[in-house]
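Asker: Below: one structure in structure tokens.
The values are calculated or read from the model by the stated rules, or taken from the named source; none is laboratory data. Nothing here was measured: the structure is a model prediction, and the numbers come from that model. Quick reminder, even Gly has a Cβ in these numbers, built from the backbone with ideal geometry, and neighbours come from all protein chains shown.
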Amino acid sequence: MAQQTDRGTLAAFVLVSVLAGGNAVGIRFSNRELDPLWGASLRFASAALVLLVVMAVLKLPMPRGRDFRGSAFYGLLNFAAGFALIYYGLQELHAGFGQILLALVPLLTLLLAVVERQETFRWAAAAGGVIALMGIVVMSQGALREAIPLVSVLALVGGAVCFAQAGIVVGWVPAVHPVSMNAIGMAVGSAVLIVGSVVTGESRAIPDVAETWAALVYLIVIGSVVVFVLLVFVIKRWGASRAAYTLVLIPVFTVMYSVWLLDEPVGWELLAGGALVLVGVYVGALRGSSSRAEPLAVTDTV
């Protein structure tokens, strides 16, 4: 039975990467008509409503006390702070260089999980993270030749730290159902993003273009509801540091979708870098994935 369960976790891990690979393309379509923070607000607020309905249908209890605080903190880190910083950084940085910085998430997650005594240090995870990071660097050769604004770099690094810490927060509240955690997290995160949209003076328009609506539907239903519920499920089964490898596998699928939908060119860098990413993911996340990363004692810190 344990082996079947792990096959299910592996399938969820791969499915998260495949489906989330379309998010960047969807965001590019959405950003053509909607301001970034407002677009993210619509996405996560709508996804939160869907998940609240799912909670009602499945009769899932609303988390309380420490579980509610943990879910809200997860939302603040992942959906509010993380996405706000990523959107800000990508206004000036090439998307390829942004992928390099987000490829730091597995290494950051491992270090934070060890420091916070949630997991033990694993050399395979560290080595896999380095190999995957090298792959993203190769994939993004063109971006490295451009000017790199320091503030935008710091924003992307901050976003990567937020994503890493959000994964660890999931481990502190193991009893919360993935649907419930994301319903609360997205509701809290979208509320903060709406405030940010108002403060920064964004236009809060309703989409007029059919492509924008199609992108939003994908981002809400697939890229948010399905992806993040599955991701929380994987984190709870494998631990934060192993699940974080979705962040370096996602760009490989993003490139495939970009070639298909946006007619972007394919060079040797993308093929060679993608191969390195796959090797890194195997070494750090998939090899020996029949057992979860060894957790340490969890304390009431949230």
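This table checks each residue for (1) assigned to a helix (DSSP H, G or I); (2) β-branched (Val, Ile, Thr); (3) more than 24 Å from residue 250 (Cβ to Cβ); (4) in contact with a strand residue (DSSP E or B) (Cβ under 9 Å, 6 or more places away or on another chain).
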residue	(1), (2), (3), (4)
161	yes, yes, no, no
164	yes, no, no, no
169	yes, yes, no, no
175	no, no, yes, no
208	no, no, yes, no
214	yes, no, no, no
218	yes, no, no, no
224	yes, no, no, no
230	yes, no, no, no
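Asker: Still on this structure, please answer the following. List pairs: first in the range 193-209 and in contact (Cβ under 8 Å) with a residue 24 or more places away in the chain, second of a type in the set (Lys, Arg) and surrounded by 13 or more Cβ atoms within 10 Å (Cβ to Cβ), Cβ under 7 Å, 6+ apart or cross-chain?
Answerer: Pairs that qualify, where the first residue is in contact (Cβ under 8 Å) with a residue 24 or more places away in the chain and the partner is of a type in the set (Lys, Arg) and surrounded by 13 or more Cβ atoms within 10 Å (Cβ to Cβ), are 197/204.
Asker: Which of the residues spanning the range 49-81 are under 20 Å from residue 195 (Cα atoms), in contact (Cβ under 8 Å) with a residue 40 or more places away in the chain and among the hydrophobic types (A, V, I, L, M, F, W, C)?
Answerer: Listed by number, the residues that qualify are 72, 73, 76, 77, 79, 80, 81.
Asker: Another one. Select from the range 106-119 the residues that are at pLDDT 75 or above and acidic (Asp, Glu) and list them in ascending order. Reasoning before the result, please.
Answerer: Of the range 106-119, the ones at pLDDT 75 or above are 106-117.
Within the range 106-119, 116 is the sole residue that qualifies.
Asker: Taking helices (runs of 4 or more DSSP H) that do not extend beyond the range 1-105, which have at least 2 residues that are over 18 Å from the mean Cα position of the chain (by Cα) and modelled with pLDDT of 90 or more? Reasoning before the result, please.
Answerer: Working: elements: 2-20, 23-31, 36-58, 66-75, 83-89, 95-102.
Where helices (runs of 4 or more DSSP H) fall fully within the range 1-105 and carry at least 2 residues being over 18 Å from the mean Cα position of the chain (by Cα) and modelled with pLDDT of 90 or more, they are 36-58, 66-75.
Asker: Conditions first: (1) assigned to a helix (DSSP H, G or I); (2) at pLDDT below 90. Residue 189 passes all but one, so which condition is the exception?
Answerer: Of the numbered conditions (1) assigned to a helix (DSSP H, G or I); (2) at pLDDT below 90, the odd one out for residue 189 is (2).
Asker: On to the next question. Among what's in the range 155-178 and is out of contact with any Pro (no Cβ under 6 Å at 6 or more places or on another chain) and more than 21 Å from residue 115 (Cβ to Cβ), pick the residue that is surrounded by the fewest Cβ atoms within 10 Å (Cβ to Cβ).
Answerer: Taking the range 155-178 and keeping what is out of contact with any Pro (no Cβ under 6 Å at 6 or more places or on another chain), we get 155-175, 177-178.
With more than 21 Å from residue 115 (Cβ to Cβ) added as a condition, the list becomes 155-156, 175, 177-178.
Details: 155: 23, 156: 23, 175: 10, 177: 20, 178: 20.
Taking the candidates together, the pick is 175.
Asker: A further question follows. Taking the stated definitions as given, is residue 196 modelled with pLDDT of 95 or more, under 21 Å from the mean Cα position of the chain (by Cα) and either crowded, with 19+ Cβ neighbours inside 10 Å or part of a helix (DSSP H, G or I) (or both)? Break it down into steps so the answer makes sense when it comes.
Answerer: Values: modelled with pLDDT of 95 or more: no; under 21 Å from the mean Cα position of the chain (by Cα): yes; either crowded, with 19+ Cβ neighbours inside 10 Å or part of a helix (DSSP H, G or I) (or both): yes.
Taking the combined requirement at face value, the residue does not satisfy it.
Every residue, every condition in (1) among the hydroxyl-bearing types (Ser, Thr, Tyr); (2) modelled with pLDDT under 95; (3) crowded, with 18+ Cβ neighbours inside 10 Å, yes or no:
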| residue | (1), (2), (3) |
| --- | --- |
| 180 | yes, no, yes |
| 203 | yes, yes, no |
| 211 | no, yes, no |
| 235 | no, yes, yes |
| 244 | no, yes, yes |
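Asker: So is residue 126 in contact with a Ser or Thr (Cβ under 8 Å, 6 or more places away or on another chain), farther than 26 Å from residue 35 by Cβ, small (Gly, Ala, Ser) and at pLDDT 70 or above or not?
Answerer: On the way: in contact with a Ser or Thr (Cβ under 8 Å, 6 or more places away or on another chain): no; farther than 26 Å from residue 35 by Cβ: yes; small (Gly, Ala, Ser): yes; at pLDDT 70 or above: yes.
It is false that residue 126 is in contact with a Ser or Thr (Cβ under 8 Å, 6 or more places away or on another chain), farther than 26 Å from residue 35 by Cβ, small (Gly, Ala, Ser) and at pLDDT 70 or above.
Asker: What is the one condition in (1) of a type outside the set (Phe, Trp, Tyr); (2) surrounded by 15 or more Cβ atoms within 10 Å (Cβ to Cβ); (3) part of a helix (DSSP H, G or I); (4) at pLDDT below 90 that residue 151 does not satisfy?
Answerer: Result: residue 151 passes all but (2).
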